[in-house]
Each structure stands twice: as C-alpha cells, then as structure tokens.
C-alpha cells in the first residue's frame, strides 16, 4: 500500500514538473525550466522508491509463506 502511494505521488510530481518546465520554456525562464526538470527527476525517484517498497513487501510475504510451509505454522 505504501509503495502504491509513493508511486502515485511520484507520478504527480513528474507531471507537475513537466508542466513547470514547459511553462518555463514558454516564458524563456531558465530558473523555472530547471526547477521543473528537478521536480520531474524527483518524481521518477519517488516512483522507483514506491516500486522498491512493493517488491520488498512481496519478498517479505513470500518469506513468511515459506517459513509457514517449513515450520508447519
């Protein structure tokens, strides 16, 4: 669940950053372009973190299942 939320936040940041960068291009504002590109990068990192959280959760679930099978609990 936490991973999905992080991925959604990341996508929102990526989209907002893209819009900010485009607005900066339209107004010839280098600062805005840079901030938009940074926000896009932050969004991509957040999405990767969310995916990693999901994978870690799946691994933990599989480990618990395997332990139950081995120990009979």
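Computed from the coordinates by the stated procedures, all read-outs in this text should not be read as laboratory data. Note that this is a predicted model, so its numbers are computed, not measured. Heads up, the Cβs are rebuilt from the backbone with ideal geometry, glycines too, and the neighbour counts pull from every protein chain shown.
Considering only region 17-30, state which residues are over 14 Å from the mean Cα position of the chain (by Cα) and either buried (at least 19 other Cβ atoms within 10 Å of the Cβ) or in a helix (DSSP H, G or I) (or both).
18, 19, 20, 21, 22, 23, 24, 25, 26, 27, 30, listed by residue number.
Quick check on residue 65: is it exposed (fewer than 10 other Cβ atoms within 10 Å of the Cβ) and more than 11 Å from the chain's Cα centre (by Cα)?
When the stated conditions are applied, residue 65 does not pass them.
Conditions (1) touching a residue at least 12 places away in the same chain (Cβ under 8 Å); (2) in a helix (DSSP H, G or I); (3) exposed (fewer than 15 other Cβ atoms within 10 Å of the Cβ); (4) in contact with a strand residue (DSSP E or B) (Cβ under 8 Å, 6 or more places away or on another chain), marked per residue:
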site	(1), (2), (3), (4)
5	yes, yes, yes, no
32	yes, yes, no, no
41	yes, yes, yes, no
61	no, yes, yes, no
